[in-house]
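To keep things clear, I will list the structure first and then write my remarks on it.
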Amino acid sequence: MTQLCLLQGGIKPDEHKSLSNQTLIVQGKLPPFLILPLLQHIGAPTEPIVKVGDPVLKGQIIAHCKRKNCSLTISAPIHASSSGTVIAVEPRAVPHPSGLTALCIVIETDGQEKWIERRPLTHYSDLAPDVVRNHIANAGIVGLGGAGFPTHIKLTHNSYFIDTLIINGVECEPYITCNDRLMREHPDDIIAGAQILMHVLGGVKQCVIAVEDNKPEAYLALSEAAKESVEVLQVPTQYPIGDERQLIQVLTGKELGRNQLPASIGIVVHNVETIRAVYRAVLLGQPLLSRIVTVTGNGIEKPQNLEVLLGTPMHVVIDQCGRQDGIERLIMGGPMMGFALPNEDMPIIKTTNCLILSRADEPAPLQMPCIRCGACVQVCPINLLPQQLYWYAKAKDFKKARNYHIFDCIECGSCAYVCPSHIPLVRYYRYAKAEIRANLREHKKAEIAKQRYEFHTFRMKRDQAEKEARLEQLKAVPKVDKEAIIKAAVKRAKAKSLSWS
């Protein structure tokens, strides 16, 4: 991979990365309480295996997959981020666009950080790939780039031959710098994690770490640490090149079709922090207990990156960095694809890579009517027609929105960024997608109800026909035979009652 392909569309927004990428990663404070949601990943939720009053150790599994073997399902176990006592298993507010609550395990920490017995796979290369994969599954590792897809599932490809491993070190959203600092400070961990995944995947001919050209320090650190089997490449700084499909296209020239997985063309993509979590799990015996979080924005006194225990309330992290007066908005994730949160009491979870706090220093621009300039079309990396999708979503013409491939939209926000009328286009797309999904669910329910009704009607008619057929047969039997049948039935009944007595 020496010749890169150009990314279609995309934008180059103001980065604002110098706010937080100039200082070393800081260890987050141990909070008095940890709030651990049972669902921190894409897939099936976990079930608690502890109850109120139970003491727990750091690294102990407290919620497991519904199946005994997590490697068999799309899920990931939850571990205690620190030692302490379970004080509640109850619904709490969780960081999600819906703002709803979810079942959480609340731990009161004891400040002692007592670990369970750790069992690293020091000689993993001598073990079968399935053994290492199961170890990764039990460590609760998911995609830490923001998606949260269980890592072991992406390492299971019985029907595909994987020959390329791509490690995504691209951090194209403004403000976010957690991956940048990780690559600068822990390049050896990332290289070691890459070699572990190459062993698990088997048959991998090349491993590429992609780093944007606006991160020279990270590129240099990884290049010096890289082994012969790992290649470090610089890619252009252009949003949304960090999206999995866009990155594959830039590195390989291959364009994935709709609903096509990277594995179908022999490629697996993992985020750099996910790779580090794999290294920790396999060689240090540490499950996923913490992650690096960028805390930044004009509402923070000291923007920086912190290694934060999962379950730490956000207000603890924000207080550690210092807060400005007049904070009006808290965003989890980047300004392009992140979402606003109603309060700071929600916990840091596996997919929390950034917190942006902003003040109302400038009034928000007013939304104006669409002027049909076509700027949104030029920057769409998927080659969609954002303007048409906007009109159909606004008019609730969801059939045409689907015909124009609204579900291919990755919601990167490039179209809204360049819109001179300041139309929040992605909001309209998300609304349309939600309505279409709801309609599909209702249609499916109606179809199931229809099938049940039709089967019930068929069964009733069948039973009635069988009853009528029996009556016709009984009418056809001679009277003498009928009396004999009745006497035989009475005799059998008496014999049966005697046997019971």
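Every number in this text was worked out from the coordinates using simple rules, so none of it is lab data. Because the structure is predicted, anything quoted here is derived from the model rather than measured. Here the Cβ is made from the backbone with ideal geometry for all residues, glycine too, and neighbour counts use every protein chain on show.
Here are some notes:
- Mean Cα-pair separation over length for the range 17-296, i.e. relative contact order, pairs under 8 Å, 6 or more apart, %: 21
- Label-point separation in nm, Ala360 to Asp325, each point 7 Å along Cα→Cβ: 1.6
- Helical mean residue ellipticity (222 nm; -39500 (n - 2.57) per DSSP H run of 4+; nearest 500) of the chain: -10500 deg cm²/dmol
- Divided by 2.2 N^0.38 Å, where N counts the residues, the Cα radius of gyration of the range 37-182 comes to 1.17.
- q = 0.11, 0.12, 0.14 Å⁻¹, the range 273-362: log10 I(q)/I(0) [Debye, one scatterer per Cα]: -0.32, -0.38, -0.50
- Whole-number D in µm²/s for the range 17-296 (Stokes-Einstein; Kirkwood sum over Cα pairs; 20 °C, 1.002 mPa s): 109
- Ordering of 321-327, 99-105, 73-79, 132-138 by packing [mean C-beta count within 10 Å, highest first]: 73-79, 132-138, 99-105, 321-327
- Exposure proxy ranking for Val418, Val211, based on other Cβ atoms within 10 angstrom of each Cβ and starting from the fewest, stands as Val418, Val211.
- Spin-label model distance (nm) - Leu127 vs Ala395, 7 Å beyond Cα toward Cβ: 5.8
- FRET efficiency for the Lys51 to Cys370 pair, using the beta carbon distance and R₀ = 56 Å, is estimated at 0.50.
- Prolate/oblate/rounded label for the range 3-82 (Cα gyration tensor, a/c 1.5): oblate
- A crude spin-label estimate for the pair Lys475 and Gln451, with each label 7 Å from Cα along the Cβ direction, gives 3.9 nm.
- Applying 1/(1 + (r/R0)^6) with r as the Cβ-Cβ distance of Lys461 and Ala493 and R0 = 30 angstrom yields a FRET efficiency of 0.40.
- By other beta-carbon atoms within 10 Å, ranking Cys207, Cys354 with the fewest at the front produces Cys207, Cys354.
- Residue order, fewest to most surrounding Cβ atoms within 10 angstrom, among Glu185, Glu466: Glu466, Glu185
- With N the number of residues in the chain, Rg(Cα) / (2.2 N^0.38 Å) evaluates to 1.25.
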